[in-house]
1. When the residues of the stretch 1-18 are filtered to those that are over 27 Å from Arg110 (Cβ atoms) and within 16 Å of the ligand (Cβ to nearest atom), which remaining residue is surrounded by the most Cβ atoms within 10 Å (Cβ to Cβ)?
2. Take the residues in the stretch 144-156 that are in contact (Cβ under 8 Å) with a residue 60 or more places away in the chain and part of a helix (DSSP H, G or I); name whichever of them is surrounded by the fewest Cβ atoms within 10 Å (Cβ to Cβ).
3. When you scan the stretch 131-143, do you find a residue that is surrounded by 13 or more Cβ atoms within 10 Å (Cβ to Cβ) and over 30 Å from Phe107 (Cβ atoms), even just one?
4. Can you report the number of residues in the stretch 51-69 which are assigned to a helix (DSSP H, G or I) and within 16 Å of the ligand (Cβ to nearest atom)?
5. Just one of the numbered conditions (1) modelled with pLDDT of 95 or more; (2) surrounded by 18 or more Cβ atoms within 10 Å (Cβ to Cβ) is not true of Trp87; which one?
6. Determine if the stretch 19-32 includes at least one residue that is charged (D, E, K, R), in contact (Cβ under 8 Å) with a residue 40 or more places away in the chain and either crowded, with 16+ Cβ neighbours inside 10 Å or within 14 Å of the ligand (Cβ to nearest atom) (or both).
7. Of all residues being near the ligand (Cβ under 9 Å from one of its atoms) and not in a strand (DSSP E or B) in the stretch 40-50, which is farthest from the chain's Cα centre (by Cα)? Just the residue, please.
8. Against the condition over 18 Å from the mean Cα position of the chain (by Cα), of a type in the set (Val, Ile, Thr) and buried (at least 16 other Cβ atoms within 10 Å of the Cβ), how does Thr102 come out, does it pass?
Amino acid sequence: MELAEKHDLLILSDEVYKDFLFTREEFTTLAQFPAFRKRLIYIFSFSKAYAMTGWRIAFLAADKSLTEKIIGIHDALVTCAPVVSQWAALGALELAQEDKATFREAFSRRRKLICQEFEPLQDWLEFVNPQAAYFIFPRATDKLKRSFEKWEKQQDLKEWDLRLQQEQSFSWKLALALLYQAKVALVPGVAFGPQGEDHLRLCFGRSEKDIKLTTKRIKEFLKELEKI
Ligand SMILES: Cc1ncc(COP(=O)(O)O)c(C=O)c1O
C-alpha cells in the first residue's frame with residue numbers, strides 16, 4: 001500500500017478464491033481498511049465459490065470516482081451482465097451460504113488427497129501444499145527434466161504438430177506428453193509467464209475418484225520415464 005501511495009497506483013484486488021482458504025487464518029482483504037479504499041478495485045466472481053462459471057457473473061466494488069469510469073467501459077463492451085445471471089447471483093448470495101461451506105470442505109479433502117498422492121513423487125515433481133484456491137503447481141526436478149529430454153528424443157514429435165513456441169518450452173511438451181500418453185489434461189506452467197516454465201498446474205476441483213485416476217496415470221507415465 002505504501003508503494004501504491006508513493007507511485008500513485010491503483011490496486012486491483014482479485015478475491016475470487018477468498019472462500020477457499022485452507023488455513024486457520026482469517027481472510028483479510030484490503031477492502032477492510034477504509035484508508036486504502038480510494039485506490040482499491042475489489043473484484044469478486046460467482047464462478048468459484050458458487051460453482052457458477054457458466055453464468056458469467058461477477059461484481060466489483062470501488063470508489064465512485066473509479067466506478068464512474070469503469071461503468072463507461074463496461075457499458076460500451078457488454079451493456080450489462082445478463083439479467084438472468086444477476087438474479088441467479090442474488091439467489092446465491094441469499095441462499096447458498098451453507099453450500100459454500102460444503103464446497104470448501106470438499107475442496108479441503110481434495111487438496112489433502114492430491115497432496116498425499118503427489119508426496120511420493122517429490123523426486124520428480126516438487127510442490128508446496130497450497131493454502132488457498134484449488135490448484136497445485138508442482139515444479140519438475142532435474143531428474144524429471146533429464147529423463148524427459150531422453151524420452152523426447154525417442155518420440156516422433158512431428159505428430160504433435162507443435163507450434164514453434166511450444167517446441168521450445170519444456171512445460172508445454174511435458175503437458176502435451178501427459179495429455180497424449182497419460183490422458184491427463186493440465187496447464188503448462190509457462191502459461192503463467194517465463195517463471196512458470198518448470199511447472200505444471202493441476203486443478204483439484206474434480207472428484208476424489210478423478211484425482212486418484214489422474215495421479216495413477218501420471219505415476220504410470222513417470223514409470224515409463226524411469227525405464228529409459
Ligand atoms: C484468479 C482468477 N480471477 C478471476 C477468474 C475469472 O473467473 P470468471 O471469468 O469465471 O469469473 C479466474 C478464473 O479462473 C481466476 O483464476
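The values are calculated or read from the model by the stated rules, or taken from the named source; none is laboratory data. Because the structure is a prediction, the values reported are computed rather than measured. Don't worry about glycine lacking a Cβ; one is built from the backbone with ideal geometry, like all the others, and counts go over all protein chains shown.
1. Step one: filter the stretch 1-18 for residues over 27 Å from Arg110 (Cβ atoms), giving 1-12.
When the remaining residues are screened for being within 16 Å of the ligand (Cβ to nearest atom), the result is 11-12.
Working: Ile11: 14, Leu12: 12.
Looking at residues that are over 27 Å from Arg110 (Cβ atoms) and within 16 Å of the ligand (Cβ to nearest atom), I get Ile11.
2. By that ranking, first place goes to Lys150.
3. First, the residues of the stretch 131-143 that are surrounded by 13 or more Cβ atoms within 10 Å (Cβ to Cβ): 132-141, 143.
From what is left, the residues that are over 30 Å from Phe107 (Cβ atoms) are 143.
Yes, because at least one residue in the stretch 131-143 is surrounded by 13 or more Cβ atoms within 10 Å (Cβ to Cβ) and over 30 Å from Phe107 (Cβ atoms).
4. In the first step, residues of the stretch 51-69 are kept if they are assigned to a helix (DSSP H, G or I); the result is 53-55, 64-69.
Next cut, within 16 Å of the ligand (Cβ to nearest atom) only: 53-55.
Summing the residues that are assigned to a helix (DSSP H, G or I) and within 16 Å of the ligand (Cβ to nearest atom) in the stretch 51-69 gives 3.
5. Tallying (1) modelled with pLDDT of 95 or more; (2) surrounded by 18 or more Cβ atoms within 10 Å (Cβ to Cβ), Trp87 fails exactly one: (2).
6. yes
7. Looking at residues that are near the ligand (Cβ under 9 Å from one of its atoms) and not in a strand (DSSP E or B), I get Phe46.
8. No, not satisfied.
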